[in-house]
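Worksheet for the structure shown next.
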Amino acid sequence: MEKKESVKVLIIGSGPAGYTAAIYAARAGLNPVLFTGGQPGGQLTITNDVENFPGYPEGVNGPQMMMDLQKQAERFGTKVIYGMVTSVDFSSYPLQVTVDEKDVYEAESVIVSTGASAKYLGIPSEEKFANKGVSACAVCDGYFYRGKEVAVVGAGDSAAEESTYLSKLCSKVHLIVRRDEMRASKIMQQRVLNTPNIEVHWNTETDEIVGDDSGVTGVRIINNKTNEKKLIPIQGFFLAIGHKPNTDIFDGQLEKDEAGYVKVIPGTTKTNVEGVFAVGDVADRVYRQAITAAGSGCMGALDAEKFLAAKEMEVAH
Ligand code: NDP
């Protein structure tokens, strides 16, 4: 283990939440250090065009947006380090963060912005058509399938919400449900069942997504009661089988809810540990948008700044 420099604001994660926190902390003169994690730029780097982030009338390419955010953070003095935080020790102060299992950093405050990852089915065709018709975010990508047929897999509130959302844009939505009932709340289920252009395929699983160079052209589904297979022509395939917050490294360190999201005091980014703040999708199971993540990143930096100022006052007296 190598002991590294002490950091005022240490940011874990490089999505819109982390970079926004970095921009604010850097402009406040707090010299933040940001660790990118294993997917520098976060979930937006696996998206094509982002059309719902205010300020880009023509839309913006996801990876480009993340490069711009990094540049903006660096311009004000953020030190961006390509590294993976592998463990943390928040049991004493200053806080300790270990990177790549070897470099130990001491931090006066930590902003956690490790995000969440959409769950995938784990079939090869999903990867093959990633960004070419396969998406895990209807609000982000639904618009590209206007007037087209699409499929959604899942049976929870996300699947219900996303299929209802898509039904307004697309000619038809096929909802692929693996059991004979949905987990979604009754009211959301009713909405799905009352929408004429949503067809629910019960007891059905995804066998394979099919397509060609142009992208997805269909999905082969299989009825798990009868084993009957069927090919449905679609152009978009949406996953809505849940997200997993990236919080394993905070086990025993931060309070989490039953789904693993970091708990914050409502209306703030404060966790149960003094000086540790959580922003973006890692603490948000409801909204999960780039703009809400960025907004909470800003809140995290302001909370950290206030915390550090109060600490300094304590020391001065
Ligand atoms: P959930 O965990 O609630 O649901 C996941 C769904 O995906 C389940 O129905 C599950 O099926 C299905 N599923 C899981 N794995 C597979 C698989 N391999 N193949 C096929 N289907 C699969 O996740 P959500 O994202 O829907 O919701 C997460 C949380 O967020 C919930 O608490 C939800 O209430 C909340 N939420 C609230 C919203 C709102 O109120 N507006 C909107 C969206 C989410 P099965 O049922 O068979 O296990």
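A short reminder: the numbers here are calculations on the coordinates, not readings from a lab. Everything quoted here is computed from the prediction, not taken from an experiment. Using ideal geometry, Cβ is built from the backbone for each residue, glycine included, and neighbour counts are taken over all protein chains shown.
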Residue (of Ala28, Tyr56, Ser117) at the positive-pole extreme of segment 1-119, dipole from beta-carbon charges: Ala28
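Under a Cβ-only charge scheme (Lys and Arg +1, Asp and Glu -1), can you give me the dipole magnitude of the chain about the Cα centre, in debye to the nearest 20?
Charge dipole, the chain, about its Cα centre: 680 debye, nearest 20.
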Stretchable slack from Asp213 to Lys128, in nm (0.36 nm times residue separation minus alpha-carbon distance): 29.6 nm
Cβ-defined net charge surrounding Lys172, 10 Å radius [Lys, Arg +1; Asp, Glu -1]: -1
Charge-dipole axis of the chain as Lys and Arg at +1 and Asp and Glu at -1 on Cβ define it, positive-most pick from Val276, Ala301, Ile198: Ile198
Spin-label pair Asn52/Asn227, simplified geometry with 7 Å Cα→Cβ offset, distance in nm: 4.2
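May I ask what percent, to the nearest 5, of DSSP beta bridges between residues of segment 59-186 are antiparallel? Don't jump to the answer; show the numbers that get you there.
Numbers: 9 of 15 bridges.
The answer is about 60 percent antiparallel.
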Glu106-Lys186 FRET efficiency (beta carbon distance; Förster radius 51 Å; 0.05 resolution): 0.50
Among the listed pairs Lys128/Lys168; Lys79/Lys263; Lys128/Lys229, those beyond 23 Å (Cα-Cα): Lys128/Lys168; Lys79/Lys263
Approximate spin-label separation Arg178-Phe144, in nm, with each point projected 7 Å along Cα-to-Cβ: 2.6
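Can I get the semi-axes of the chain's equivalent ellipsoid? Compute them from the C-alpha gyration tensor as square roots of 5 times the eigenvalues, in angstrom, largest first.
Working: eigenvalues 325, 76, 61 Å².
Its equivalent ellipsoid spans semi-axes of 40, 20, 17 Å.
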Cleavage-rule hits (GluC sites (Glu not before Pro)) in segment 249-317: DSSP loop, at most 10 neighbouring Cβ within 10 angstrom: Glu258
Most mobile listed residue (Gln70, Gln253, Gln43) in the chain, GNM with C-alpha springs under 10 Å: Gln253
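Roughly how big is segment 254-317's charge dipole about its Cα centre, with Cβ charges of +1 (Lys, Arg) and -1 (Asp, Glu), in debye to the nearest 20?
Numbers: 7 positive and 10 negative charges, 29 e Å.
Dipole size: approximately 140 debye.
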Rounded to 5, the percent of DSSP beta bridges in the chain classed as antiparallel: 45
Mean-position separation - Cα centroids, segment 98-127 and segment 221-266, in angstrom: 16
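What's the extension gain from Lys119 to Ser92 if we count 0.36 nm per residue and subtract their Cα-Cα distance?
Values: separation 27, 0.36 × 27 = 9.72 nm, distance 3.41 nm.
In short, 6.3 nm is gained.
Enumerate the helices in the chain for which the Kyte-Doolittle hydropathy averages -0.5 or more and the C-alpha atoms extend at least 27 Å along the helix's axis, using complete DSSP H runs. List each step's numbers first, then the result.
On the way: long enough: 290-316 (39 Å, 0.57).
Taking the DSSP H segments of the chain (at least 27 Å long, mean hydropathy at least -0.5), we get 290-316.
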